[in-house]
Amino acid sequence: MTASWQLYVNEKEKIDALLHRGYVICEVTESLEGATVIFSHPTATPIQEVLTVETADARKYFSSLLVHSVTK
Amino acid sequence: MADLRTNLAGITSPNPFWLASAPPTNSGYQVQRAFEAGWGGAVWKTLGEPIINTSARFAAISFQGKKVAGFNNIELITDRPLDVNLKEIYETKKRFPHHAIIASLMVEPKQEKWHEIVKRVEDVGVDGLELNFGCPHGMAERGMGAASGQQPDLVQAQTTWAKEVAKTPVIVKLTPNITDITVTARAAVNGGADAISMINTINSLMGVDLDSWQTVPSVAGKGAHGGYCGPAVKPIALNMVAECARHPAIAVPISGIGGVGTWQDAVEFMLMGATGVQVCTAAMHHGFSIVEDMIDGLNNYLEEKGLASVSELIGKSVANYSEWGNLDLNYRTVASINTDVCIHCNKCHIACEDTSHQCIERKIALDGTPFLHVREEDCVGCNLCSIVCPEPGAIDMITLPYEQPPMTWNERQTVLATYKGK
């Protein structure tokens, strides 16, 4: 497994882990560094988690989840 | 035999293969030879005030042994008096009443000039007119051709002037030497054009002689930019045809021009919206008889596809052409190397390693045999390896199953906009 693929896998695992714990994506800000994704959970501690998603595949991944959640 | 007849804005032709307005259609002798060979139509070399040409007019680029990959000319419109051309048009039409003869016209952007030439040309029985707003060299320096074709207001005005007196369909031939050809195409439509044709030639300088330091072609030591055409321009022409074909405000037939040399080229242009095609460089390279293969090939193709008429091809691929933002980001294709076909030249490895995504590894099997391996997870499906591979069948691009549902960039941005930070 190469470094770039591993970077994607690492970011995807972090996204999946938060979603698995019941967090939902509530805010996305895209910038020169990639995307800052804010996850929120009404009862968990902390209430918010922030991920900086840099790889193209991971940015595609979380946005696919959002698009799919809207369209399904 | 499939029905190859076409009807472009009322101009009927026994097949979709026309000769473009250019040196091959300079005289009645040539056009009649072309019709005898099988061409369905001819756009007569542009009529206007007869010009004086230079000696040394053409140049071509050969690419890796292929002659005339691109062709350049600095020849202008007809150098023969209008009456001479009209007499030959009349005689040709009389001899070939079912073939399409279209008169290409170019005059100064003045209403009375357009009225005069349209009336005189239509009197001899042409089937249609093609307004030449495209020639990029020579005539453009005199305010005609591409010079007026690059100004939408002049395209519209001149089209209107021609249409004021024209009794036959008016085709407007557009220049590709413009940022967005749909702008001038719309101007032509607004002026009343019955059809549009594209592309005329592209501004070009073919080369510089490394010994004499003179440009190519050289006219007594000097050169001037010419018009580029031939196989190399086909992708540019095809895109421009497609952009016009899918534009809702350009609802007129299109005559496709630019690098057409085979029946396959013609089919591509027709699938992207052209009603028929015009050919020049291929005929100049190989002679009029190439149309025989074009007709046979097209007929066989239609029969294989189960199509009764060539008109069933028109525009069938237009819906498959869109903006980048409508492409599916979750579609994945990756390279797959067939080791039993691979000749181990390593071109794919070098191309990928140096200029793409470093996903093709050189490996050695247990028996010592070298082989190439694609790391699928790192392959972005760019196609470069399969493009540079010299061995047919050695690399396939295979489609992977979807891991996420389809999603376009436009869909993504629409949804992400609702998640924007305050």
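Observations on the model:
- Positions within region B:156-204 being of a type in the set (S, T, N, Q) and open to solvent by 40 Å² or more (accessible area, probe 1.4 Å), in sequence order: B:156, B:160, B:179, B:190, B:203
- Region B:70-82, residues that are assigned to a strand (DSSP E or B) and either more than 19 Å from residue B:200 (Cα to Cα) or open to solvent by 20 Å² or more (accessible area, probe 1.4 Å) (or both): B:71, B:73
- Helices (runs of 4 or more DSSP H) wholly inside region B:252-365 that include at least 1 residues being farther than 30 Å from residue B:25 by Cβ and not aliphatic (A, V, I, L, M): B:290-305, B:347-355
- Flag: residue B:118 does not match the condition of being buried (at least 19 other Cβ atoms within 10 Å of the Cβ) and over 22 Å from residue B:23 (Cα atoms).
- Flag if residue B:377 is modelled with pLDDT of 95 or more, acidic (Asp, Glu) and outside the structural domain of residue B:240 (by TED's automatic domain parsing): no
- Taking first residues from region B:123-148 that are assigned by TED's automatic domain parsing to the domain that holds residue B:55 and partners that are surrounded by fewer than 24 Cβ atoms within 10 Å (Cβ to Cβ) and among the basic types (Lys, Arg), the Cβ contacts under 9 Å between residues at least 6 apart in sequence or on separate chains come to B:124/B:87; B:124/B:93; B:125/B:93; B:125/B:94; B:126/B:93; B:127/B:93.
- Scanning region A:3-29 for residues that are of a type outside the set (S, T, N, Q), farther than 25 Å from residue B:379 by Cα and either at the interface with chain B (Cβ under 10 Å from one of its Cβ atoms) or not in a strand (DSSP E or B) (or both) yields A:17, A:18, A:19, A:20, A:21, A:22, A:23, A:25, A:26, A:27, A:28.
- In region B:399-412, the residues that are assigned to a strand (DSSP E or B) and loosely packed, with under 13 Cβ neighbours inside 10 Å: B:399
- When residue B:335 is tested against the conditions (1) within 14 Å of another protein chain (Cβ to nearest Cβ); (2) within 23 Å of residue A:7 (Cα to Cα), the lone failure is (1).
- Subset of region B:327-353 [in contact (Cβ under 8 Å) with a residue 60 or more places away in the chain and open to solvent by less than 70 Å² (accessible area, probe 1.4 Å)]: B:328, B:329, B:330, B:332, B:333, B:334, B:335, B:336
- Subset of region A:62-72 that is more than 7 Å from chain B (Cβ to nearest Cβ) and touching a residue at least 24 places away in the same chain (Cβ under 8 Å) - its residue that is surrounded by the fewest Cβ atoms within 10 Å (Cβ to Cβ): A:65
- There is no residue in region A:44-53 that is within 25 Å of residue B:379 (Cβ to Cβ) and surrounded by fewer than 18 Cβ atoms within 10 Å (Cβ to Cβ).
- Region B:4-17: number of residues that are within 17 Å of the chain's Cα centre (by Cα) and open to solvent by 10 Å² or more (accessible area, probe 1.4 Å): 0
- Lone qualifier among B:319, B:249, B:224 - being modelled with pLDDT under 95, surrounded by fewer than 17 Cβ atoms within 10 Å (Cβ to Cβ) and more than 18 Å from residue B:42 (Cα to Cα): B:224
- Within region B:42-60, not a single residue is in contact with a helix residue (DSSP H, G or I) (Cβ under 6 Å, 6 or more places away or on another chain), part of a loop (DSSP other than H, G, I, E, B) and either polar (S, T, N, Q) or assigned by TED's automatic domain parsing to the domain that holds residue B:222 (or both).
- Within region B:252-267, tally of residues that are without any contact (Cβ under 8 Å) to a residue 40 or more places away in the chain and surrounded by fewer than 24 Cβ atoms within 10 Å (Cβ to Cβ): 5
- Number of positions in region B:349-365 that are farther than 14 Å from residue B:380 by Cα and either in contact with a helix residue (DSSP H, G or I) (Cβ under 6 Å, 6 or more places away or on another chain) or within 14 Å of chain A (Cβ to nearest Cβ) (or both): 2
- Annotation note: Cβ proximity below 7 Å between a residue of region B:24-53 that is under 17 Å from residue B:107 (Cα atoms) and a residue that is outside any loop (DSSP other than H, G, I, E, B) and among the aromatic types (Phe, Trp, Tyr) (sequence gap 6+ or interchain) occurs for B:43/B:18.
- The residue that is farthest from the other protein chains (Cβ to nearest Cβ), counting only those in region B:385-398 that are part of a loop (DSSP other than H, G, I, E, B) and open to solvent by 30 Å² or more (accessible area, probe 1.4 Å), is B:392.
- Tallying residues that are crowded, with 20+ Cβ neighbours inside 10 Å and not in a helix (DSSP H, G or I) within region B:132-155 yields 10.
The values are calculated or read from the model by the stated rules, or taken from the named source; none is laboratory data. The shown structure was predicted, so the numbers you read here are calculated from the model rather than taken from an experiment. Counting neighbours? That spans all protein chains shown, and the Cβs are built from the backbone with ideal geometry, glycine included. Accessible surface areas use protein heavy atoms only, side chains included; no ligands, DNA or RNA. Shrake-Rupley method; radii C 1.70, N 1.55, O 1.52, S 1.80 Å.
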